[in-house]
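These notes are about the structure you will find just below.
The values are calculated or read from the model by the stated rules, or taken from the named source; none is laboratory data. Just so it is clear, the model here is predicted, and its values are computed rather than measured. Here the Cβ positions follow ideal geometry from the backbone for every residue, glycine too, while neighbour counts run over all protein chains shown.
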């Protein structure tokens with residue numbers, strides 16, 4: 001910059017040189033633009049302020065805490081607390097209310113449905129489908145055909161503890177493998193019988209009397225007479241057109257020979273009680289209930 | 001020459017310049033990196049962490065091999081919306097046995113740090129075979145070969161020896177039982193499940209892929225996915241005492 005002891009003006013450009021000279025080449029002293037320098041000064045001042053306010057410099061056994069006492073974990077804890085507080089008026093009402101109170105109170109029900117829909121997208125949609133439509137081995141929740149019961153309490157219990165999950169209070173119920181118990185002919189008859197129960201076509205080899213007898217002996221204990229199902233055991237209704245594991249004969253043979261045990265995780269612990277309540281209301285609204293069980 | 005003009009020494013000698021640059025950058029680097037090795041706040045010990053079981057370790061190797069980290073992070077940051085969606089923010093200690101760590105920096109898919117126990121094995125199997133069958137709009141690539149590829153049970157011992165050499169607490173007993181433990185963990189109602197759970201607390205054993213036959217890569221990968229984020233019990237973790 002100007003005023004340096006080596007002040008020397010370059011003849012071609014009229015600019016001062018720095019006085020440095022290497023092999024006859026002299027360096028022009030072109031100062032940095034003002035805007036650039038001011039930004040540099042400003043960021044330097046900002047950095048010093050930052051070091052004072054926030055945790056910054058490592059020491060022997062810790063670090064400078066900064067005068068604001070900020071910590072990233074503290075900050076997120078506080079933000080979550082704020083969020084909880086912001087939602088408190090509705091969530092605490094939901095938390096305390098019984099299901100019948102929620103269903104009667106339109107405002108609370110709307111809130112539960114909204115919260116339930118959001119939680120469903122994050123946690124349940126990968127298995128039950130975005131709209132609850134289900135997939136092979138993951139039940140459709142859009143129908144009023146509930147395997148484990150369609151009352152809000154039953155749905156809540158299903159969500160909370162899961163089905164064949166690792167939770168000690170999980171719902172359990174087994175579709176046994178019959179390959180060792182029955183012979184191929186009997187299994188074939190039963191597969192036809194199951195299709196008949198569901199109103200589907202049967203093969204010529206199907207003998208109705210034999211099928212019914214076998215079903216009464218082997219299956220009715222869980223699936224009830226006529227295959228109407230049993231929500232206590234999670235044995236699905238077979239006398240309808242809703243199939244969890246496929247309705248073609250090959251799939252049914254597979255179900256009978258090898259058994260089935262589809263699993264739904266427990267959400268207790270991962271989701272809080274209010275969210276599970278909201279989910280119950282939302283899930284029931286998808287399919288509705290035929291009869292109050 | 002006044003002190004102010006000493007800088008010419010650096011400007012006129014490229015070797016001095018080079019050494020000077022190295023010294024300055026090293027100081028910057030050391031100040032940033034070294035404290036992480038001794039500061040109490042960065043090496044928090046957390047109850048529940050244990051090294052990977054042989055089967056989980058094999059699964060983790062497959063995770064790295066298939067480049068899952070290109071689309072998935074394993075690091076829940078301490079930000080409100082992340083905690084809301086994925087659960088408790090990740091602790092540094094939760095990746096203490098990850099070499100290299102799988103934090104990742106890209107999220108084409110969701111964070112997987114706490115995906116363990118969120119879905120069923122069956123779901124993972126179907127999802128790995130064909131993600132579109134479970135999530136219609138998914139852009140995740142299918143990995144249908146995993147269930148068809150056997151895991152070289154005897155090779156995992158070598159991996160464990162290397163990790164032990166690097167300081168991971170694999171005991172000689174763990175290394176000796178590596179192949180046996182892997183088969184045990186990939187078996188339904190295995191007889192030695194207790195022995196395994198003793199060596200590796202919270203280890204779950206079952207045929208994860210649901211496929212008959214020897215241990216396959218789907219068994220290993222699903223075992224790994226199902227344990228992610230499940231080792232630390234956050235009911236007893238004292239967040240307030242560990243603010244940082």
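Scanning region B:205-231 for residues that are touching a residue at least 60 places away in the same chain (Cβ under 8 Å), closer than 23 Å to residue A:268 by Cα, part of a loop (DSSP other than H, G, I, E, B) and within 13 Å of chain A (Cβ to nearest Cβ) gives B:206, B:208, B:229, B:230. The test for being away from every other protein chain (no Cβ under 14 Å), in a loop (DSSP other than H, G, I, E, B) and either under 18 Å from the mean Cα position of the chain (by Cα) or without any contact (Cβ under 8 Å) to a residue 40 or more places away in the chain (or both) holds for residue B:169.
Residues in region A:78-127 that are more than 19 Å from residue A:270 (Cβ to Cβ) and within 12 Å of chain B (Cβ to nearest Cβ): A:78, A:79, A:81, A:82, A:86.
As a summary of the residue check, residue B:191 satisfies the conditions (1) part of a loop (DSSP other than H, G, I, E, B); (2) touching a residue at least 40 places away in the same chain (Cβ under 8 Å); (3) more than 14 Å from chain A (Cβ to nearest Cβ); (4) farther than 19 Å from residue B:152 by Cβ except for the one numbered (2). The residues in region A:23-79 that are surrounded by 10 or more Cβ atoms within 10 Å (Cβ to Cβ), within 30 Å of residue A:9 (Cα to Cα) and touching a helix residue (DSSP H, G or I) at 6+ places or on another chain (Cβ under 9 Å) can be counted, and the count is 1.
Within region A:227-247, residues that are free of Cβ contacts under 8 Å to residues at least 12 places away in the same chain have Cβ atoms under 7 Å from residues that are outside any loop (DSSP other than H, G, I, E, B) in these pairs: A:230/A:222; A:230/A:223, counting only partners at least 6 apart in sequence or on another chain. If you filter region B:6-26 down to residues that are touching a helix residue (DSSP H, G or I) at 6+ places or on another chain (Cβ under 8 Å) and either away from chain A (no Cβ under 14 Å) or exposed (fewer than 10 other Cβ atoms within 10 Å of the Cβ) (or both), you find that the one that is nearest to residue A:21 (Cα to Cα) is B:16. The combined condition, being assigned to a loop (DSSP other than H, G, I, E, B) and touching a helix residue (DSSP H, G or I) at 6+ places or on another chain (Cβ under 7 Å), is not fulfilled by residue A:191. Across region B:32-56, the qualifying residues are those that are in a helix (DSSP H, G or I), touching a helix residue (DSSP H, G or I) at 6+ places or on another chain (Cβ under 6 Å) and touching a residue at least 24 places away in the same chain (Cβ under 8 Å), and the one among them that is farthest from the other protein chains (Cβ to nearest Cβ) is B:54. Please find, among B:182, B:140, the residue that is in contact with a helix residue (DSSP H, G or I) (Cβ under 6 Å, 6 or more places away or on another chain), modelled with pLDDT of 95 or more and within 14 Å of chain A (Cβ to nearest Cβ). One residue alone meets the criteria, B:140.
Taken residue by residue, region A:57-75 has no member that is on the phi > 0 side of the Ramachandran plot and away from chain B (no Cβ under 14 Å).
Residues in region B:142-151 that are closer than 11 Å to residue B:220 by Cα and surrounded by fewer than 18 Cβ atoms within 10 Å (Cβ to Cβ): 2 in all.
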